[in-house]
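Only one structure is covered here, and it is reproduced in the block below.
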Amino acid sequence: MATIDTGTTRLAYDEAGAGPAVVLVHAGVADRRMWDHQFAELARRHRVVRYDWRGHGDSADHEGPVRHHEDLLALMDALGIGEAALVGASFGGAYAVDAALYAPERVSALALVCPGMSGYVWPEVFVRTGQQMALSAVPRERLSAYRAGGASVDPADVAAMAEAQARFMVLGPGRSPEEMPTEAWDLSLLMLREMFARRWASPANHAEWPERPAVDRLHEVGVPTLVVKGLSEVPQVQAVADLYAKGVRGARLLELPETGHLPSVERPGELTAALSEFLNARRPPGGRAQIDARTRADASPRTPFPHGFEEVTP
């Protein structure tokens, strides 16, 4: 692991391989470890970078709003990556798309794994079910204190929330942990425990979408795009993958049966093979010059991250 100063924060990352650049962007319910298999295998033919979002994993803490797509582009700047294929999972997929719309000259391809979408309003049933899940794990009073940040955290609450979130998001409706490989379930729980323990004890922060979110701009995505959907995950999240598949011109949809929200962990070999085929079928990038994200004009007001509750973090 290494860390790098992007000008606004320090991000933890791993890098391996040589060739066309690929950046892996993790899900909100995980950290960069979710890409273990893909990171190692894709590095055989690519320069691969995986990193932790600001406020996640081994990256620096943050208080207040943060724009993760800008951090992604700033990381590429700091590492001298002019152009890359972006592979994003869940809200990491949303951030990858936002980066592609914000700086299209920097992104050569998109692979979106069970993706979220900036500006998308989650159906009420999804928000309500997620709220019930959270309150079944941690009483409302303690949960409110944890959401405020800087709390003294009870490890039992962390374990309960991680278990509830894993069952709700990682597994999907009606599935049990026995239906996942043991190592996949264990890693999912570990990442969630560490995520909640840190989030609740750290300064309060929240993500922001761009003023012009992707929900109304899918037709502007102009690079090869692969969309991956787990057929066992929450139907409302599957619906977002379908929106990408229909809205992005020429997008290819890959559906994985008996797979939940983290195919990179649950079906690592299958996902890596699909990513390799997709990335290797493309021509190498054109070697465009590095562009400093801090010089781009985007002085518009910023829109808050539209979550009904914090614990459901695709």
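Note on the range 7-24: residues that are buried (at least 21 other Cβ atoms within 10 Å of the Cβ) and within 19 Å of the chain's Cα centre (by Cα) amount to 6. Cβ separations smaller than 6 Å between residues 6+ apart or across chains give the following pairs from the range 117-140 residues that are in contact (Cβ under 8 Å) with a residue 12 or more places away in the chain and over 21 Å from Met161 (Cα atoms) to residues that are surrounded by 20 or more Cβ atoms within 10 Å (Cβ to Cβ) and among the aliphatic types (A, V, I, L, M): Met117/Ala94; Met117/Ala214; Met117/Val240; Ser118/Ala94; Ser118/Ala214. Scanning the range 144-156 for residues that are assigned to a helix (DSSP H, G or I) and surrounded by fewer than 20 Cβ atoms within 10 Å (Cβ to Cβ) yields Ser144, Ala145, Arg147, Pro155, Ala156.
Within the range 66-96, restricting attention to residues that are in a helix (DSSP H, G or I) and among the acidic types (Asp, Glu), the residue that is surrounded by the fewest Cβ atoms within 10 Å (Cβ to Cβ) is Asp77. Checked against the criteria, Glu63 counts as farther than 22 Å from Pro263 by Cα, surrounded by fewer than 23 Cβ atoms within 10 Å (Cβ to Cβ) and over 14 Å from the mean Cα position of the chain (by Cα). Considered as a group, the residues in the range 49-93 that are acidic (Asp, Glu) and in contact with a Pro (Cβ under 7 Å, 6 or more places away or on another chain) include one that is modelled with the lowest pLDDT, and that residue is Glu63.
Checked against (1) without any contact (Cβ under 8 Å) to a residue 40 or more places away in the chain; (2) open to solvent by 50 Å² or more (accessible area, probe 1.4 Å), Ala162 meets all criteria but (2). Residue under question is Ala27, and the condition is that it be under 24 Å from Gly150 (Cα atoms), open to solvent by less than 10 Å² (accessible area, probe 1.4 Å) and touching a helix residue (DSSP H, G or I) at 6+ places or on another chain (Cβ under 9 Å); does it hold? So Ala27 fits the description; yes.
Each residue in the range 109-126 was checked for being in a loop (DSSP other than H, G, I, E, B), small (Gly, Ala, Ser) and open to solvent by less than 10 Å² (accessible area, probe 1.4 Å), and 2 pass.
The values are calculated or read from the model by the stated rules, or taken from the named source; none is laboratory data. Everything quoted here is computed from the prediction, not taken from an experiment. All Cβ positions, even for glycine, are placed from backbone atoms using ideal geometry, and neighbour counts span all protein chains on display. For accessibility, only protein heavy atoms count, side chains too; no ligands or nucleic acids. Shrake-Rupley method; radii C 1.70, N 1.55, O 1.52, S 1.80 Å.
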